[in-house]
Each structure stands twice: as structure tokens, then as C-alpha cells.
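K.L.:
Dumping the structure here so I can ask a few things about it.
The values are calculated or read from the model by the stated rules, or taken from the named source; none is laboratory data. Keep in mind it's a predicted model, so treat the numbers as computed, not measured. Counting neighbours? That spans all protein chains shown, and the Cβs are built from the backbone with ideal geometry, glycine included. Accessible surface is based on the protein model in full, side chains and every heavy atom, while ligands, DNA and RNA are left aside. Shrake-Rupley method; radii C 1.70, N 1.55, O 1.52, S 1.80 Å.
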Amino acid sequence: MTQSVIPPSPSRADYAAQLEANADETLFERDEPIALFLEWLESARAAEPNDPNAMALATVDADGYPDVRMVLLKDVDARGFTFFSNQESAKGGQLWANPSAALLFHWKSLRRQVRVRGPVEPVSAAEADAYFASRARESRIGAWVSDQSRPLADRATLEARVAEQTARFDGQEVPRPDRWTGWRVKPVQIEFWRDRPFRLHDRLRFDRTTQDQSWSRSRLWP
Ligand SMILES: Cc1cc2nc3c(=O)[nH]c(=O)nc-3n(C[C@H](O)[C@H](O)[C@H](O)COP(=O)(O)O)c2cc1C
């Protein structure tokens, strides 16, 4: 049964048709991982059908049990990688218990992935306010509506809550709920991976022990 839905291993002809862009050896001379990440994200923007900024966010709960889900990258700079969510969600509780995370970007059309690991800290209230204010009004109302990650009886309950919160903010700005905020993953490890023929892939990893150190660079066996 699974034989019909799981694609077969690529043939030599499949590999021959692969992207030349993944063969440039100057990758291994790079020493600035954030600048390199921005270039790869720019290429993903041009190639991916949607959400090139989508990333898997892995967290660990108070019992040491891992969890993972997709979120959207909303900012990146020398300080780290920022996303937004509900503090009272499952991920919010996990980040409270264990403020560290891993991120994974996988750009299928480029055949590339980037992995990030590091401690996590909440963004400032001013930063959360600024991003919240940039969102569509309905999305801002949605942040008031959703008890994210808690049980919901049915769609009608959700729609009733939308109507209630829409009426509540009628004619006014929709402020940021206290429970809605952002987090920044402060990277201590960033790995760039790109597909090469016959699974002989390229891997370039940057490491540092703390944020104020400079990066060390290693090439890894695939
Ligand atoms: C492409 C994609 C992007 C998403 N972006 C976000 C996001 O930025 N913030 C968020 O709270 N949930 C986002 N979600 C929903 C989460 O994956 C998840 O369902 C939700 O945050 C609850 O996760 P939790 O119960 O682990 O806290 C996204 C889902 C997908 C598929």
C-alpha cells in the first residue's frame, strides 16, 4: 500500500537535473551565518509557492518530552530569530518551563534546510506591540478570540466568540492582548544543508558557546 504513495529513490537522471546553485564551493568560505541565512531566505522567497518564512519550532516540556509545530519567522537580525504566538498555548508553557528551542527551515524547491538552536527570550512589550499593530484587524481580533491549544467544543463556539470580540472593539483600535507576544531564539548553532547528488550533501555549521562570542565554522560529513 505505502509503495504507491511513497516516492521512489531518485534515479541518476533525477540527480543530473538538479540545481547547479547547490554546487558553489564558496559556501564554505562564508563566516557570517545571519547574512548567509538572509540570502538563502531571499532565494526561498523567489522559489517557494507560499510561506518561505515558515519554520518548525521544537520545544521541550517540563518532563523533557519534545514537541514541534510550524510558526512564521517575523524578524531576524544579529540578536536572533523572532516569532509570535500565545503565551498560554502549549508552546508558551513549554518555553516558560524550558526557555530553549530549535528551528528548522526546509525549502523544498531549493532542496535546502537550515537548523538553528539556542536559548529563547520573550521580545519586549514595545516590539510585540509594533508587530501586533501591523496585523490585519481580523487577525488582531483573532488573538483575543483564541484560547490557543485548549479544547474547543465546535466551530459555532469559535464564531460566537469572533462576533462577541468584533462587537466589543467596534469603532476602536484592537490592542494587543497580554497573553499574545513574541519570542527570540538566540542562536548558538546554525547549520546550512544543501542537497547534492547521491545523498553526498553539503553541510556547514556555525557554533558559539554564548551570544557574545564569534562563530566557529565546521564542514560536516553528510
Ligand atoms: C505554515 C504555518 C505557520 C504557522 N504560524 C504560526 C505562528 O506564527 N504562530 C502561531 O502561534 N501558530 C502558527 N501556526 C500554527 C501552529 O503550528 C500551531 O498549530 C499553534 O501555534 C499551536 O501550537 P501549540 O499547541 O504547540 O502551542 C502555523 C502553522 C502553519 C502550518
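K.L.:
Take Gln172 and tell me if it is open to solvent by 40 Å² or more (accessible area, probe 1.4 Å) and under 21 Å from the mean Cα position of the chain (by Cα).
P.N.:
Details: open to solvent by 40 Å² or more (accessible area, probe 1.4 Å): yes; under 21 Å from the mean Cα position of the chain (by Cα): no.
Here the answer is no, as Gln172 does not meet what is asked.
K.L.:
Let me ask something else. Please state which of the following conditions Ala13 fails to meet, knowing it meets all the rest: (1) among the hydrophobic types (A, V, I, L, M, F, W, C); (2) open to solvent by less than 80 Å² (accessible area, probe 1.4 Å); (3) modelled with pLDDT of 95 or more.
P.N.:
(3)
K.L.:
Residues Ala136, Ala143, Ala130: which one is within 21 Å of the chain's Cα centre (by Cα), open to solvent by less than 40 Å² (accessible area, probe 1.4 Å) and farther than 30 Å from Leu204 by Cβ? Give the derivation first.
P.N.:
Numbers: Ala136 fails: open to solvent by less than 40 Å² (accessible area, probe 1.4 Å); Ala130 fails: open to solvent by less than 40 Å² (accessible area, probe 1.4 Å).
Exactly one of Ala136, Ala143, Ala130 is within 21 Å of the chain's Cα centre (by Cα), open to solvent by less than 40 Å² (accessible area, probe 1.4 Å) and farther than 30 Å from Leu204 by Cβ, namely Ala143.
K.L.:
Looking at the structure I just gave you, is Arg69 without any contact (Cβ under 8 Å) to a residue 40 or more places away in the chain and part of a strand (DSSP E or B)? If you could, list the steps in order and put the result at the bottom.
P.N.:
Numbers: without any contact (Cβ under 8 Å) to a residue 40 or more places away in the chain: yes; part of a strand (DSSP E or B): yes.
Judged against the criteria, Arg69 is a match.
K.L.:
Suppose we filter the range 139-184 for residues that are farther than 30 Å from Val116 by Cβ and hydroxyl-bearing (Ser, Thr, Tyr); how many remain? Give the steps one after another, and end with the answer.
P.N.:
Going through the range 139-184, the residues farther than 30 Å from Val116 by Cβ turn out to be 141, 144-145, 151-175.
Filter again for hydroxyl-bearing (Ser, Thr, Tyr), leaving 157, 166.
Adding up the residues that qualify gives 2.
K.L.:
Give the residues of the range 69-117 that are open to solvent by 20 Å² or more (accessible area, probe 1.4 Å), under 16 Å from Phe206 (Cβ atoms) and within 12 Å of the ligand (Cβ to nearest atom), sorted by residue number.
P.N.:
Selection gives nothing.
K.L.:
Quick one: how many residues across the range 150-177 are under 23 Å from Glu127 (Cβ atoms), touching a helix residue (DSSP H, G or I) at 6+ places or on another chain (Cβ under 9 Å) and not aromatic (Phe, Trp, Tyr)? Step through it out loud before you land on a result.
P.N.:
At the first step, the residues of the range 150-177 found to be under 23 Å from Glu127 (Cβ atoms) are 169, 172-177.
Next cut, touching a helix residue (DSSP H, G or I) at 6+ places or on another chain (Cβ under 9 Å) only: 169, 173-177.
With not aromatic (Phe, Trp, Tyr) added as a condition, the list becomes 173-177.
Final tally of qualifying residues: 5.
K.L.:
Considering only residues that are in a helix (DSSP H, G or I) and either within 16 Å of the ligand (Cβ to nearest atom) or over 26 Å from Asp207 (Cα atoms) (or both), which ones fall in the range 13-25? First the steps, then the outcome.
P.N.:
In the first step, residues of the range 13-25 are kept if they are in a helix (DSSP H, G or I); the result is 13-16, 20-23, 25.
Ala13, Asp14, Tyr15, Ala16, Glu20, listed by residue number.
K.L.:
Further question on the same structure: I'd like to verify a number: residues in the range 17-37 that are open to solvent by 80 Å² or more (accessible area, probe 1.4 Å) and within 18 Å of the chain's Cα centre (by Cα), how many?
P.N.:
Qualifying residue count, the range 17-37: 0.
K.L.:
If we scan the range 50-61, do we find a residue that is more than 14 Å from Trp107 (Cβ to Cβ), away from the ligand (no atom under 16 Å from the Cβ) and either open to solvent by 80 Å² or more (accessible area, probe 1.4 Å) or without any contact (Cβ under 8 Å) to a residue 40 or more places away in the chain (or both)?
P.N.:
Step one: of the range 50-61, the residues more than 14 Å from Trp107 (Cβ to Cβ) are 57-61.
Next, from what is left, pick out any that are away from the ligand (no atom under 16 Å from the Cβ): none.
No: the range 50-61 contains no residue that is more than 14 Å from Trp107 (Cβ to Cβ), away from the ligand (no atom under 16 Å from the Cβ) and either open to solvent by 80 Å² or more (accessible area, probe 1.4 Å) or without any contact (Cβ under 8 Å) to a residue 40 or more places away in the chain (or both).
K.L.:
Now, a different point. Looking at Thr166, Thr209, Thr157, which is the one that is out of contact with any strand residue (DSSP E or B) (no Cβ under 7 Å at 6 or more places or on another chain), within 22 Å of Phe37 (Cα to Cα) and either open to solvent by 50 Å² or more (accessible area, probe 1.4 Å) or assigned to a strand (DSSP E or B) (or both)?
P.N.:
Details: Thr166 fails: within 22 Å of Phe37 (Cα to Cα); Thr157 fails: within 22 Å of Phe37 (Cα to Cα).
Thr209 is the lone residue from the list that is out of contact with any strand residue (DSSP E or B) (no Cβ under 7 Å at 6 or more places or on another chain), within 22 Å of Phe37 (Cα to Cα) and either open to solvent by 50 Å² or more (accessible area, probe 1.4 Å) or assigned to a strand (DSSP E or B) (or both).
Every residue, every condition in (1) assigned to a loop (DSSP other than H, G, I, E, B); (2) within 22 Å of Gln211 (Cβ to Cβ); (3) basic (Lys, Arg), yes or no:
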position	(1), (2), (3)
Leu27	no, no, no
Phe37	no, yes, no
Ala44	no, no, no
Ala58	no, yes, no
Ala62	yes, no, no
Val76	no, yes, no
Val114	no, yes, no
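K.L.:
Let me ask you something else. Answer yes if at least one residue in the range 186-209 is within 16 Å of the ligand (Cβ to nearest atom) and in contact with a helix residue (DSSP H, G or I) (Cβ under 6 Å, 6 or more places away or on another chain), and no otherwise.
P.N.:
No, because not a single residue in the range 186-209 is within 16 Å of the ligand (Cβ to nearest atom) and in contact with a helix residue (DSSP H, G or I) (Cβ under 6 Å, 6 or more places away or on another chain).
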